[in-house]
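Before any comments, here is the structure.
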Amino acid sequence: PHDASASRRSYDVDALAEEIVEKLTYSIGKSPARARKYDWLRAVTLTVRDRIIDHWLEAEDARAASGGKQVAYLSMEFLIGRLLRDAINNLNLTTQVAEALKRYNVDLDMIELLEPDAALGNGGLGRLAACFMESMASVGVPGFGYGIRYVHGFFRQEIADGAQVELPENWLLHGNPWEFERRERSYEIGFGGKVTSVVGEPGKPPRQLWRPAERVLAVAYDTPIVGWRGAHVNTLRLWSAQALDPILLDAFNSGDHIGALVESNKAEAITRVLYPADSHQAGQELRLRQEFFFSSASLQDIIRRHLETNESLSNLHDKVSIQLNDTHPAVSVAELMRLLVDVHGMEWDEAWEITRQTFSYTNHTLLPEALEHWPIHLFERLLPRQMQIIYAINAAVIRQAMESKGFDGGRIAAISLIDENNGRRVRMGQLAFVGSHAVNGVSALHTDLMKETVFHALHELYPDRIQNKTNGVTPRRWLMEANPGLTSLLKETIGEGFLDDISKIRDVERFATDAGFRDRFAAVKRENKARLADVISERLAISVDPDALFDIQVKRIHEYKRQFLNIIEAVALYDQIRSQPATNWTPRVKVFAGKAAPSYLQAKEIIHLANDVARVINSDPAVRDLLKVVFIPNYNVSLAEIIMPAADISEQISTAGLEASGTGNMKFALNGALTIGTLDGANVEMRDHIGEENIFIFGLTASEVAQRRREGHSGRSVIEGLPLLRDALHAISSGVFSPDEPNRYNGLVGNLYNNDWWMIAADFQSYWDTQRRADALWADPAEWNRKAILNTARMSWFSSDRSIREYAADIWRTGTDA
Ligand code: 26W
């Protein structure tokens, strides 16, 4: 591993202490005596940043000199969270910076908590992009992340009278010391207008020229992403939209002061706010503008950088690999073709070959309502030339399918880039697929299902294109930083090797049967639970006992993730505790957190129900302290860092076949929680690695779910045969938890009787039984802790370092350090 001492700036405490005050004085204009805590945060950030910049510039030079291949990771979302602790940890500066600050009586931990959480993403997909950026820098894949610099990230959630309220998020309010504006990296992005044919050279086809009606400027903001031990620094380049003319002076001078700003408002609206939906396509024009805006800016930047050191674009695919993070940047396929053919004069066939060799595409969801497709009329009006190019690509693909594989009728309709059934739409998944040399799913099961469902016909046409790349999470943020207690214990027990090579964490396996170690492992967990209990007490004024079983489900709220199933189990348990007070119940704290898309009404009802149930159960003296239900508002990366290390049980209970991978499941298990889960997404592979005796699997499998649906399963007969479930549902629908509005949950419960699309009734008994098995295991702490230790010991394969190495070897064909 590289050493941070390559940096020109000193790493010793004296130098750091001196420099922090220097920043305070000359960059912020405050004396230590007058500095407020935010000033200290800024001074420390700038001091740490300088150390990253040294590595950053070296990395840039090395990269330019080598002329090697780079990765461009195009993602609409990067859910990075706070950066200071990550940077300090990866530079191995934690003790020194803490020591330096102590000289001024400033506490590093306190300072770190002041940093705003950069929430430029919704959930799994955005957080994965952030873990991947960190892992690319850690394993030495030279790469750029390209995305959008939203002024307002993911909304802040409050709970008022039990219901979700959305408030604007304002992470840039106090400025952002991590970013560097790069005015020289600005590109014009067009929208609308017309395409004209220009007669070309003799013997050549006419060239198409796009004359956009509107143009806006994309300006780059760069954030350095430092890898473990400072070995590499990559760049996260986020685009901000600006008007070409900030003000229309003619309009202003003639008295139209508002009209003078209309254009700049419209331009800047593009990067103003993150769309908060991760399960339903919004279908709005502004969203398509965002997608094209950041795709075109990124491609123009990639081309410009390429031409700085290469003579032509004919070797583009040897020098850059562009990963499309879901279909949000899929319009890039058409835009790169336009740039190569129309702007740089390349022949169509060569351009198509280069385009396909350059792009690869990751699919993150099979939910039909989440697949992006754009109405032709909207697409054509906003992006007329790209629409023509899509038609041309489509014609070629269909011709090839007919000629090479004899496709006709249904199979042509299935591969077509145009959906003719729903008012003619462009299918972005098909576009991304045909424009890429590799297409991947994010877990083994999900990849299999891709081949069988959405991409069945395309898989038949291109049988070698789909491959699997199971997700991972970065152990730096999700173990070392989130769980310093466990990290220290591991260091003492197995040495420090696992910090550089997480697979060595397996060495702790042989301590699973060591009673002394088990006690210390349990003590760390207890401390982490006490820390979470403090947060719950501060934010909700609810007291929970750190010695109870902490049973936690945190993730976006969605019907398929089945928070409802978990809540019903809580209600049934509540019912049982009340009716059988003499039974030896396991004390449990059920913790929920997560946001619902503002327009997703059922998801919001589930949040409301969780809060209603929590209020009633927590205030019922008959329950004593055997059951508590807590909904913690405003789930985000920073809260996750406190929650993941504090769980005994991790709830991963999606309807089988619907969770593409999950990544929270990995964070929990790495920190020693036992999973209760369905055979869905990466849970399947986690079971294989952890051992089926160390994970609680329940419920229908994906193929059983599909079969039930084909048979027209409905919940009614199931519910009527299960008094426990029936009574719990009755309590919910009769207003036991919503006396102010007894019918509030009629719709939610009625869906289970009439349809049960998500198999909640179908899986209830199996879930209940499995929870009671967990109770029984809890009664044997030695055995519980042994299994928990084995979870930590056996999770290393789910490091995003492993994922990135696989992408690098099989898709990008770039090198890594190791
Ligand atoms: C167009 C609206 C929209 C926006 C975002 C639809 C779908 C999305 C994302 C693809 C949703 C998402 O975050 N998917 C999650 O991706 C994770 C990373 O691969 C997986 O672990 C999760 O299982 C998957 O739900």
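FYI, it's all coordinate maths here, none of it is from the lab. Every value quoted in this text rests on a predicted model; they were computed, and no experiment measured them. A quick note on method: Cβ atoms are made from the backbone with ideal geometry, for glycine too, and the neighbour counts reach across all protein chains shown.
Antiparallel versus total DSSP beta bridges in the chain: what percent is that, nearest 5? List each step's numbers first, then the result.
Values: 37 of 82 bridges.
Roughly 45 percent of the DSSP beta bridges within the chain come out antiparallel.
What ranking, highest mean first, results for peptides 517-524, 104-111 when packing means the other Cβ atoms within 10 Å averaged over each residue?
Highest to lowest by the protection proxy: 517-524, 104-111.
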Completion exercise
The exposure ranking of 326, 547, 54, 408, fewest beta-carbon neighbours within 10 Å first, is 408, 547, 54, 326
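Using Cβ contacts closer than 10 Å as the measure, can you line up 250, 648 from fewest to most? Working shown, then result.
Numbers: 250 10, 648 21.
By the 10 Å Cβ count, ascending: 250, 648.
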Handout entry: Selection of GluC sites (Glu not before Pro), the range 385-463, meeting DSSP coil and at most 11 other Cβ within 10 Å
Key = 420
Completion exercise
Expected vector for the range 253-259, Karplus 3J(HN,Hα) from phi with 6.51, -1.76, 1.60 and θ = phi - 60°, integer Hz, x for Gly and Pro, equals 5, 8, x, 8, 6, 6, x
Problem - Helix-only [θ]222 nm of the chain, DSSP H runs n ≥ 4, -39500 (n - 2.57) each, per residue, nearest 500 - result: -14000 deg cm²/dmol
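Shape verdict for the chain, please, from the Cα gyration tensor: rounded (a/c under 1.5), prolate (a/b greater than b/c) or oblate. Walk me through the intermediate numbers first.
On the way: a/c = 1.62, a/b = 1.23, b/c = 1.31.
Oblate, since a/c reaches 1.5 and b/c is not below a/b.
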Problem - Positive dipole terminus of the chain, leading residue within 410, 649, 449 (C-beta point charges) - result: 410
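In Å, the Kirkwood hydrodynamic radius of the range 42-123 over pairs of distinct alpha carbons?
Numbers: mean 1/r = 0.0668 Å⁻¹.
Across the range 42-123, the inverse of the average 1/r is 15.0 Å.
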Problem - Whichever lysines have a C-alpha closer than 23 Å to that of residue 194, once near sequence neighbours (fewer than 8 apart) are set aside - result: 204, 266
Problem - Karplus-derived HN-Hα couplings along the range 617-633 (A = 6.51, B = -1.76, C = 1.60, θ = phi - 60°), whole Hz, x at Gly and Pro - result: 5, 5, 9, 9, x, 5, 7, 6, 9, 7, 9, 10, 10, 10, 10, 8, x
Exercise for the section: List the residues whose amide H sits under 5 Å from the amide H of residue 661, counting only those 5 or more places along or on another chain, with H placed 1.01 Å from N in the peptide plane. Expected result: 682
Practice task
Starting from the range 482-544, pick out the GluC sites (Glu not before Pro) whose DSSP state is loop and whose Cβ has at most 15 other Cβ atoms within 10 Å.
Solution key: 496
Exercise for the section: Sum up the charges of everything whose Cβ sits under 10 Å from the Cβ of residue 172, counting Lys and Arg as +1 and Asp and Glu as -1, but leave residue 172 out. Expected result: -1
Problem - Net charge dipole size for the range 461-513 [Lys, Arg +1 and Asp, Glu -1 on Cβ; Debye, nearest 20] - result: 200
Practice task
Work through the residues other than residue 807 whose Cβ is under 12 Å from its Cβ and net out their charges, Lys, Arg +1 and Asp, Glu -1.
Solution key: +1
Handout entry: For the range 393-403, Karplus couplings with θ = phi - 60° (6.51, -1.76, 1.60), whole Hz, Gly/Pro x
Key = 4, 4, 4, 5, 5, 5, 4, 4, 5, 6, 6
Practice task
Among 320, 675, 298, pick out the residue whose Cα is farthest towards the positive end of the charge dipole of the chain, where Lys and Arg carry +1 and Asp and Glu carry -1 on C-beta, about the Cα centre.
Solution key: 298
Practice task
Under 1.5 on a/c is rounded, so check that first for the range 452-530, then, if it is not, pick prolate when a/b is larger than b/c and oblate when it is not; a ≥ b ≥ c are the square roots of the alpha carbon gyration tensor eigenvalues.
Solution key: prolate
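Taking a 29 Å limit on the Cα-Cα distance, which of the listed pairs 561/628; 451/787; 491/628; 491/787 fall beyond it? Before the final figure, lay out the partial values.
On the way: 561/628 21 Å; 451/787 35 Å; 491/628 35 Å; 491/787 20 Å.
Cα-Cα > 29 Å for 451/787; 491/628; rest within.
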Completion exercise
The alpha-carbon center of the range 681-756 and that of the range 616-672 are separated, in whole Å, by 18
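Sorting 46, 57 on the 10 Å Cβ count, fewest up front, what's the list? Mind showing how you got there, number by number?
Details: 46 18, 57 13.
Ascending Cβ contact count within 10 Å gives the list 57, 46.
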Fill in the blank from the handout: Non-local residues with an amide H under 5 Å from the amide H of residue 79, with H modelled 1.01 Å from N and Pro and chain starts lacking one, are 127, 129, 130
Handout entry: Student exercise, the chain dipole from Lys, Arg, Asp, Glu Cβ charges, in Debye to nearest 20
Key = 360
Problem - Euclidean distance of C-alpha centroids, the range 210-254 and the range 20-49, integer Å - result: 28
Exercise for the section: Restrict the search to the range 581-685; then list the trypsin sites (Lys or Arg not before Pro) that DSSP places in a loop and that have at most 14 other Cβ atoms within 10 Å of their Cβ. Expected result: 624
